[in-house]
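To start, the structure itself, in structure tokens.
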Amino acid sequence: MEKTLVIVESPTKAKTISRFLSTGYVVESSYGHVRDLPKSKLGIDVDHDFEPHYVIPTVARKRVSALKKTAAEVPNIILATDGDREGEAIAWHLLQALNLKKSVGVKRIIFHEITRAAIQKAIAAPRALDLNLVNAQQARRVLDRLV
């Protein structure tokens, strides 16, 4: 049976959700953000449309490596981070950090309660990544850094 990797933000949420899914699913946590602007410099190219330059923070490198390894072993990946702009941005950063191709076996789901029914309903109705939410979070992060 093919396995599907489900990535959520919180390890506690991962543990709970894994109890609701069959053995065909591996549920892992990103432990929140996996990329950010560098701490030691501005990280924003003000001369080129304020393009942010993201890095994988030292504290997230081990987790990103583990997620990459697991992602390489499964044909399907579900990004199940929170449905707010932070969660949407984390899903987008996971796509980038794990070198995932959006069109190849990667789906995005959201749910508003952690119950078996809500998880199964979300898995049955995946949606596209909401780039408007990603851009909103990215704009906020860039503005925070500049100010």
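Listed values, structure above:
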| item | result |
| --- | --- |
| 3J(HN,Hα) from dihedral phi, segment 138-147, Karplus parametrisation 6.51/-1.76/1.60, rounded to Hz, x for glycine, proline | 5, 4, 4, 5, 5, 4, 4, 5, 5, 7 |
| Amide hydrogen neighbours beyond the local backbone of VAL106, cut-off 5 Å, H modeled | ILE77 |
| Cα gyration tensor, the chain - rounded (a/c under 1.5), prolate or oblate | prolate |
| For segment 1-62: rounded, prolate or oblate by the Cα gyration tensor [a/c cutoff 1.5] | prolate |
| Within the accessible area of segment 1-74 (1.4 Å probe), percent carbon and sulfur | 53 |
| Amide H within-cut-off set for VAL6, under 5 Å, with H built and near neighbours excluded | VAL26, VAL27, GLU28, ILE78 |
| In order through segment 49-56: 3J(HN,Hα) via Karplus (6.51 cos²θ - 1.76 cosθ + 1.60), integer Hz, x for Gly, Pro | 6, 6, 5, x, 10, 8, 10, 8 |
| HN-Hα J in Hz across segment 120-130 - Karplus 6.51, -1.76, 1.60, θ = phi - 60°, x for Gly and Pro | 5, 5, 5, 5, 6, 9, x, 9, 6, 5, 8 |
| Heavy-atom surface of the chain, accessible at 1.4 Å and reported per residue (Å²) | 59 |
| Tensor-based shape of segment 59-102 (alpha-carbon gyration tensor, a/c under 1.5 rounded, otherwise prolate or oblate) | oblate |
| Solution diffusion estimate, µm²/s, Stokes-Einstein, segment 68-147, Kirkwood Rh from C-alpha pairs, 20 °C, viscosity 1.002 mPa s | 158 |
| Quarter of Cα convex hull surface for segment 106-147, i.e. mean projection, nm² | 4.0 |
| Percentage relative contact order, the chain, counting C-alpha pairs under 8 Å, at least six apart | 25 |
| Sum of -39500 (n - 2.57) over DSSP H runs of 4+, divided by residues of the chain (222 nm, nearest 500) | -13500 deg cm²/dmol |
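The values are calculated or read from the model by the stated rules, or taken from the named source; none is laboratory data. All figures in this text were calculated on a predicted structure; none of them were measured in a lab. Each accessible area value is taken on the protein alone, full model and side chains, heavy atoms only, with ligands, DNA and RNA left out. Shrake-Rupley method; radii C 1.70, N 1.55, O 1.52, S 1.80 Å.
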